[in-house]
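Below is one structure, written out as structure tokens; comments come after it.
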Amino acid sequence: MPGEIIQLDDMGLDEAVSRAVSVLRQGGLVVYPTDTSYGLACDPRIPDALGRLIAAKKRDPGLGVPLLFTDVRQCELFHDFNSLERALIHLFWPGALTLVVTAKAEVPEHVTGGRGSIAVRVPDHDVPRAIARELGSPIVGTSANLSGSPSPFDVSTAVEQLGDSVDLYLDGGPSAVRLNSTIVAVEPNGDIRVYREGVISVHALTERIRV
């Protein structure tokens, strides 16, 4: 049997967020809607919780985990943005652009996977931003699926894949899009490397930057 499922239409946002934060603070796992696919969260400050999440997804721990933030200020605790990165976040945040950046030295290795880099995003969705704000920490932003399986754009797909390994599912209805975020990094020479094309096309990305 899956964990508790809360229909967001039946519960106010503040109450649902408080319930999710309570679960996260106890080391639990929460599935939540975003502006792309549904995400699977834990409090990344709790190593055991992150271990549970990685086991639930059957994810390689050496990959690290992406993080979702309430705003840029919260994200700045994890990375010092250069001028081009700031231009990108000005254009595309909140939104479906994930940046791979150098993690500050104090970011735990269990979050980065020992790589020294981290994937960060401020999503264009009230639920994950509100959770990160109330928690006082970013939340893990990996998709709520088994590694290698289809991304979930509705809560039922997440339930089918993750079942009772998750403590709380927040059902916000079908996602508005059927693509994941676009993942890029700014190279030392100023080039932009595209790791994954998603909601934001490479064409749209380059056109916006030129403007």
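The values are calculated or read from the model by the stated rules, or taken from the named source; none is laboratory data. In this text the structure is predicted, and so the values were computed from the model without any measurement. Neighbour counts run over all protein chains shown; Cβ positions are idealised from the backbone, glycine included. Heads up: the accessible areas ignore ligands, DNA and RNA and are worked out on the full protein's heavy atoms, side chains in. Shrake-Rupley method; radii C 1.70, N 1.55, O 1.52, S 1.80 Å.
Check every one of the helices (runs of 4 or more DSSP H) wholly within region 68-144 and list those with 2 or more residues that are of a type in the set (Gly, Ala, Ser), open to solvent by 10 Å² or more (accessible area, probe 1.4 Å) and farther than 27 Å from ASP154 by Cβ.
Per the criteria, 83-92.
Condition first: open to solvent by 10 Å² or more (accessible area, probe 1.4 Å) and either over 18 Å from SER117 (Cα atoms) or among the aromatic types (Phe, Trp, Tyr) (or both). Now tell me which residues in region 38-53 satisfy that.
ILE46, ASP48, GLY51, ARG52 - these are the residues of region 38-53 that are open to solvent by 10 Å² or more (accessible area, probe 1.4 Å) and either over 18 Å from SER117 (Cα atoms) or among the aromatic types (Phe, Trp, Tyr) (or both).
State all residues of region 154-172 that are in a loop (DSSP other than H, G, I, E, B) and either in contact with a strand residue (DSSP E or B) (Cβ under 7 Å, 6 or more places away or on another chain) or open to solvent by less than 20 Å² (accessible area, probe 1.4 Å) (or both); if no residue qualifies, say none.
Matches in region 154-172: VAL166, ASP167.
Answer yes or no as to whether ALA176 is in contact (Cβ under 8 Å) with a residue 24 or more places away in the chain, farther than 28 Å from ALA103 by Cβ and not in a helix (DSSP H, G or I). Write out each step before concluding.
Values: in contact (Cβ under 8 Å) with a residue 24 or more places away in the chain: yes; farther than 28 Å from ALA103 by Cβ: yes; not in a helix (DSSP H, G or I): yes.
It is true that ALA176 is in contact (Cβ under 8 Å) with a residue 24 or more places away in the chain, farther than 28 Å from ALA103 by Cβ and not in a helix (DSSP H, G or I).
Please name all residue pairs, on different chains or six or more residues apart, with Cβ atoms under 6 Å, provided the first residue is in region 147-160 and is within 13 Å of LEU40 (Cα to Cα) and the second residue is at pLDDT below 95 and surrounded by 15 or more Cβ atoms within 10 Å (Cβ to Cβ).
VAL159/PRO2
Residue-wise test of (1) among the acidic types (Asp, Glu); (2) free of Cβ contacts under 8 Å to residues at least 24 places away in the same chain.
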position	(1), (2)
LEU68	no, no
ASP71	yes, no
GLN74	no, no
LEU84	no, no
LEU91	no, no
LEU97	no, no
THR102	no, yes
PRO108	no, no
VAL111	no, no
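I'd like the full set of residues that are among the hydrophobic types (A, V, I, L, M, F, W, C) and more than 16 Å from SER175 (Cα to Cα), limited to region 120-152.
Answer for region 120-152, where residues must be among the hydrophobic types (A, V, I, L, M, F, W, C) and more than 16 Å from SER175 (Cα to Cα): VAL120, VAL122, ALA130, ILE131, ALA132, LEU135, ILE139, VAL140, LEU146.
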